[in-house]
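What follows is a single structure, written as structure tokens, with notes after it.
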Amino acid sequence: MKTVEDFMNLLIVGDTGFLASNFIKEFGANYQITGINRSNFKFDIKSYKKLLQNQFDLILFTAAQSSAGLSWKETDKTLVDNILIFINLLIALKKIKLNNCKILYFSSAEVYGAYDRLIDETDVFNPMNPYAVSKVAIENLINIYRNEGFNIKVMRPFPIIGPGQSANFAIPNFVNQIKLIQEEKVESVIKHGNLSAKRDFTDVRYFCKITNHLIQNFDELKYNEYNICSGNIYSIEEILKLLIKQSNMNIELILDPFRVRPIDLPLLAGQNARITEEIEATPYSISDTIKYILQNS
């Protein structure tokens, strides 16, 4: 039987968020985990310095206001919070001379902006919303701190979907509306924004498998940045219609102008050659993902 000392000592920054909570559910038993979030941690340099005395094997950094749509409404909060929470960690590590601490950072495919083709990790950043700007700023900081010996790898997830995601995102918002319709609490109508945008959707379970692999093989990773995507490219409208079909409901669709973003990327889809070079894992089909979401939401 394994003892506590046999498990990797993992610090998860933002442990109650969508991606981190799903990772803990799927793979948490494999690690000794310390989780911090806004309810139990201040995220200032002093607090980080005290916490980091524990000498973690790896830091999984997931904390962020991660909604591109919400970032237009809460621009200052998105920029300040997302950047400050991370830079304070790096400053604290530097002050206590833990520059070589391993960090796996969750960035976002939003950093790339608009491309009319599959995007690879070498493509130029062109952020088109405040959330993406915050992630580009952090990736620039990461490059600076790497020059000072910091050991940081970056994941750039394309849209991840699954149970437990905030209703600030389109797919879980649709699921919430369908649930209310099924419970006969509202009329059989779904309000939506732009449905023509196409995205490379990835099941959160597949994402967790990739994350676990990158943690377990951190020292052997060939690259510093990895796109996390599945090749499942669908329009928002196609996903919505699949949700409605599997719900067995007759639902009317109505455009809500307040749900339309000021700027919305027509396509966000990635090239996943780097990650498939690292791990043999088959992405879930979109129908399996939709079924999983509806059954667990």
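General observations
- Sorted largest first, the principal axis extents computed over the alpha-carbon atoms of the stretch 99-249 equal 58, 31, 24 Å.
- Simple spin-label estimate for Leu141 and Phe125 gives 1.1 nm between the two label positions (7 Å along the Cα-to-Cβ direction from each Cα).
- The value of relative contact order for the stretch 1-88, using C-alpha pairs under 8 Å at least six residues apart, is 36 percent.
- Tail weight of P(r) past 30 Å, computed on alpha-carbon pairs of the chain, percent: 32 percent
- On Cα atoms only, tilt of 236-247 relative to the major axis of the chain in degrees: 70 degrees
- The angle separating the long axis of helix 18-27 from the principal Cα axis of greatest extent in the chain is about 70 degrees.
- Taking only the C-alpha atoms of the stretch 33-99, the Rg (one decimal) and the largest Cα-Cα distance, Dmax (whole number), read 13.1, 38 Å.
- For q = 0.22 Å⁻¹, Debye-computed log10 I/I(0) when each Cα of the stretch 80-157 counts as one equal scatterer: -1.01
- Of interest is the spacing of the C-alpha centroids, which for the stretch 31-46 and the stretch 131-161 amounts to 20 Å.
- Helix 75-95 and the longest principal axis of the C-alpha atoms of the chain enclose an angle of approximately 20°.
- Positive minus negative residues near Ile83 (Lys, Arg vs Asp, Glu; Cβ under 13 Å): -1
- Calculated FRET value between Val186 and Lys97, using beta carbons and R₀ = 51 Å, to 0.05: 0.35
Read-outs: derived from the displayed coordinates by stated rules, not from any lab. This structure is a prediction, so every number in the text was calculated from the model and none was measured. Cβ sites come from the backbone with ideal geometry, for glycine too, and all protein chains shown count toward neighbours.
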